[in-house]
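Here's a structure for you.
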Amino acid sequence: MHQATRILNSHLAGLLVLLLFSCRQEASKETKGPIPGEPFRFTLEVGEAKVEAELAAKPEEREKGLMYRNSLADGKGMLFVFEQPGPQKFWMKNTRIPLDIGYFSPDGKLLEVHAAQPHDLSGAPSRSEKVKFVLELNRNGFREMGIRMGDSMDLKEISRALRERGLDPSKYGLP
């Protein structure tokens, strides 16, 4: 009888381990949000164009930007979101690829685009004093994607992306 109890206990223990493992797998499938260490990407509409944008909303993300990248695929870019509107100046320290830098108003309208050269430390200052969003694309990316001055980005998409990242859109002045 003693050996039968040990066999039963070992089977129950094995079943319990199997059950716990399967529950853990199910929980991990339902987890939402960014994968740690991976850039958070979302689809951003700007005018009629769709950009697969990496979101740079935290200070350390905005500081790093597209540094150390050897390439950027067509149709992809990085969206910088600031808590408060103001003048912006983007430089190209450790940035290996030529970019276009688009400055956007708090209501999401494209105000100006600047061409930026790799490793240029002089920066590309905005003429506008009220820049809330900055979108970096490959050189000539705005023209090639048909994005023109005055085109607007979808602020609801940005709010949704911030929420998916676990950030509060209201801290960025968004609904």
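Can you tell me how much longer the chain between Ser71 and Ser122 gets when fully stretched, taken as 0.36 nm per residue apart minus their C-alpha distance, in nm with one decimal?
Working: separation 51, 0.36 × 51 = 18.36 nm, distance 2.16 nm.
Full extension from Ser71 to Ser122 adds 16.2 nm.
Net charge around Ala115, counting only other residues with Cβ within less than 14 Å of its Cβ (Lys, Arg = +1; Asp, Glu = -1)? Don't jump to the answer; show the numbers that get you there.
Details: positive: Arg139, Arg143; negative: Asp100, Glu112, Asp120, Glu136, Glu144.
So the surrounding residues net to -3.
Please state the relative contact order of the stretch 41-172 as a whole percent: Cα pairs under 8 Å, 6+ residues apart?
Working: 290 pairs, mean separation 37.6, N = 132.
RCO, the stretch 41-172: 28 percent.
Hey, another quick one. Below 13 angstrom from the Cβ of Ser152, what's the summed charge of the other residues (Lys, Arg +1; Asp, Glu -1)? Could you put the intermediate results ahead of the total?
Working: positive: Lys109, Lys132, Arg148, Lys156; negative: Glu45, Glu48, Asp107, Asp151, Asp154, Glu157.
Net charge around Ser152: -2.
With a/c under 1.5 counting as rounded, go ahead and sort the stretch 44-83 into rounded, prolate or oblate using the C-alpha gyration tensor (a ≥ b ≥ c being the square roots of the eigenvalues; past the cut-off, prolate if a/b is larger than b/c, else oblate).
Since a/c reaches 1.5 but b/c is at least a/b, the shape of the stretch 44-83 is classed as oblate.
Please enumerate, by chain and number, the lysines with C-alpha under 24 Å from the C-alpha of Lys76, excluding those fewer than 8 residues away in the same chain.
Lys32, Lys50, Lys58, Lys64, Lys89, Lys93, Lys109, Lys132, Lys156
The numbers here are math on the coordinates, done by the rules we state, and not lab data. As the structure is a prediction and not an experimental result, all values here were calculated from the model. Here Cβ is always computed from backbone atoms with ideal geometry, including for glycine, and neighbour counts include all displayed protein chains.
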